Amino acid sequence: MKKIHVDSAEAHSADLVAENISQLKGLFPEILIESTNGFSVNVDVLNALIGNHVVTDVDEKYGLNWHGKRRARQLALTPSTGTLRPCPGESLAWDQTENLMIEGDNLEVLKLLQKSYAGKIKLIYIDPPYNTGRDFVYPDNFQDNIKNYLGLTGQIDEGRPISSNTEASGRFHTDWLSMLYPRIKLARNLLKDDGLIFISIDDGEFANLRKLCDEIFGEENCVQELVWKRHAGGGNDSKYFATDHEYVIVYAKSKDSIARLRMPLSEEDKKDYVYKDDHHEILGPHKTKSFSRMRPDDPRPTLTYGIKAPDGTLLNDTWKWEQSRFLEALAENKVQIRKDRNGKWQVEYKIYLYSGDDDGEQEEKTKVPRSLLLDVERNSEGKRQLASLLGTDNVFNNPKPVGLIRHFLSFGTDNDSIVLDFFAGSGSTAQAVIEQNLSDDGSRRFVLVQLPEPLDSAAKEQQVAAKYCEKLHKPKNIAEITKERLRRVAKKIKADKPKYSGDVGFRVFKLDSTNIIEWEPIPEDLKGSLQLSIEHLKGDRSEVDILYEVLLKLGLDLCVPIDKRTISGKEVCSVGGGVLMTCLDPKISRADVEPLAQGIVAWHKELAPAGDTNCVFRDSAFVDDVAKSNLAAILEQSGIQKVRSL
């Protein structure tokens, strides 16, 4: 039976460095130089392999550089030894929901999600803190980010400052870039091949963010820079220009993997479809558009021909389709030739509201999304939406409007996509996912990550939010506001749409240190240290805490189904239909071994999982090594080969 301890690979998040080395070994083994300190890359060999025989000056390399970039890159590659502890009491519909609300430093959380959610996220939307000098609080620490995080959020008394971006350094971009770089780097790994990331930003860091994303995603994977009309007007007190806009930068994990982006027509769009003809029953109403190609600078022989009007007039032009397709459409009454108000003949083709077939199946017309976001909800609407839900104003500064994010969901997701927001703020993204599902009967899931940043009742800009948490009898931090919004969204939907059966719940998890005790010997009391190390799991952690750490470290979804049975008086869990089986009972005697093992084997055969099964026990539970070895032997002889202990 393999024992999992704090230094085991199973106790850490994904080791991205090891994965990179493995991939390089497979592709270009000759570029790797192994030494006692690990691996390095032979740059000369790599240059030769890509056909570059010219020595380059690294200092003159094109790209975005800043002091601390190397450390920021290393932060993304350093595995986390933390865990996510389940909090059913703070959740809504824990047993039914597949949505996640995770409290914690998003850098560590993104590391912990690598195994379970790599390549599964369809759309990421983030509204990171804009660089105003004192806007963001993220405890990035190369040595022990978990401890730093716990101190920052008041979970241990460390007396740490709450701002990592001071007035002195913030406006020089470096801290902001160092904060964002590793997070976006890790987020890219979570995207599906056809996944998209949408990042809101203002003028202050727009140029730097574009360069940063070019490096992480590749310049060729920039899909678009969207300009959002954020304000309806005003700004007459501005010195130079009244700033009405912000940006949303859109990148793809692989632009070649993305199908053409299409979005549903708005109700305003549908008002143009006013005409009916003999295709109306299947194709719905239609509008008309000029059949003339209107490109005299680009004549095409196959599109240039004459069309005869009803009175015999020959209309010569360059048209939208080739003649054979036109004649077919004319025969089907899908084009028309008519006189306009001036008596001039016009050739028009019909655009129907639906596409359809002979069986009467209809699919509504779609359109290409635009880069100018002029008609989506504006910033003031985001404030109104949050105030309406929470019953008070100014709890959260500048929450993004739900309609803006729903706009992205409408063309950037499928009905069953997973959507991630790791700067969740007030929770606008979660509300957008729920409302979009409500509108199109989708089953999208959301994953939110929010730092439980403390709120200070004495600070003027935080007073309203802090008092709101006090009113709720909740800890004074931003994550509590996020959760409260989600509860109220669910309550409102249940009141407005009592028959709606979609998922409006969420599971709460909180970032914490691992459940596994680290070996920290006391030199003056080695005997006592050894005695304490017999139990490898922390005494204040529950079996559920341990179970979910196992799920994370084995790469299973945090919402995977979990079934329970009592076998030989011990609770046994089956996760994901038998992919993982656990018994974390604190005591297993020699007499328990045979019935417990045979019961697990019988259940495993009943479940018949397709792949290998991991079976995990509490190491200190076994009365002795004989009991442990016998149980492992029975399981392995019955086909359960991966038996582990914690």
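The values are calculated or read from the model by the stated rules, or taken from the named source; none is laboratory data. What you see is a predicted model; the values in this text were computed from it and never measured. Positions of Cβ are backbone-derived with ideal geometry, glycine not excepted, and every protein chain shown enters the neighbour counts.
Just a few scattered comments:
- Of all residues in the range 384-424 being basic (Lys, Arg) and buried (at least 19 other Cβ atoms within 10 Å of the Cβ), the one that is nearest to ILE478 (Cα to Cα): LYS400
- Counted as qualifying within the range 542-646 are the strands (runs of 3 or more DSSP E) with 3 or more residues that are in contact with a helix residue (DSSP H, G or I) (Cβ under 8 Å, 6 or more places away or on another chain) and closer than 28 Å to LYS120 by Cα, namely 570-575, 580-583, 614-617.
- Of all residue pairs spaced 6 or more apart or on separate chains, those with beta-carbon atoms under 9 Å, a first member in the range 7-21 that is under 18 Å from GLY38 (Cα atoms) and a second member that is modelled with pLDDT under 75 and in a helix (DSSP H, G or I) are ASP15/ALA9; ALA18/ALA9.
- Residue that is modelled with the lowest pLDDT, among those in the range 241-294 that are in a helix (DSSP H, G or I) and among the aliphatic types (A, V, I, L, M): ILE282
- Search result, residues across the range 437-474 that are exposed (fewer than 15 other Cβ atoms within 10 Å of the Cβ), assigned to a loop (DSSP other than H, G, I, E, B) and on the phi < 0 side of the Ramachandran plot: SER443, ASP456, SER457, ALA458, ALA459
One line per residue, one yes/no per condition, for (1) more than 17 Å from ILE126 (Cβ to Cβ); (2) not charged (D, E, K, R):
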site	(1), (2)
GLY218	yes, yes
VAL223	no, yes
TRP228	no, yes
LYS239	yes, no
TYR251	no, yes
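- Screening ILE162, ILE146 for residues that are of a type in the set (Val, Ile, Thr), at pLDDT below 95 and farther than 30 Å from GLU246 by Cα leaves exactly one candidate, ILE146.
- Subset tally (residues that are without any contact (Cβ under 8 Å) to a residue 40 or more places away in the chain, in contact with a Phe, Trp or Tyr (Cβ under 8 Å, 6 or more places away or on another chain) and within 21 Å of VAL250 (Cα to Cα)) for the range 360-403: 0
- Single unsatisfied condition, ALA430 versus (1) buried (at least 18 other Cβ atoms within 10 Å of the Cβ); (2) touching a helix residue (DSSP H, G or I) at 6+ places or on another chain (Cβ under 8 Å); (3) over 22 Å from ILE478 (Cβ atoms): (3)
- Note on the range 222-256: among residues that are touching a residue at least 60 places away in the same chain (Cβ under 8 Å) and more than 22 Å from LYS367 (Cβ to Cβ), the one that is surrounded by the most Cβ atoms within 10 Å (Cβ to Cβ) is LYS253.
- Hey, SER371 buried (at least 19 other Cβ atoms within 10 Å of the Cβ), at pLDDT 95 or above and hydroxyl-bearing (Ser, Thr, Tyr) or not: no
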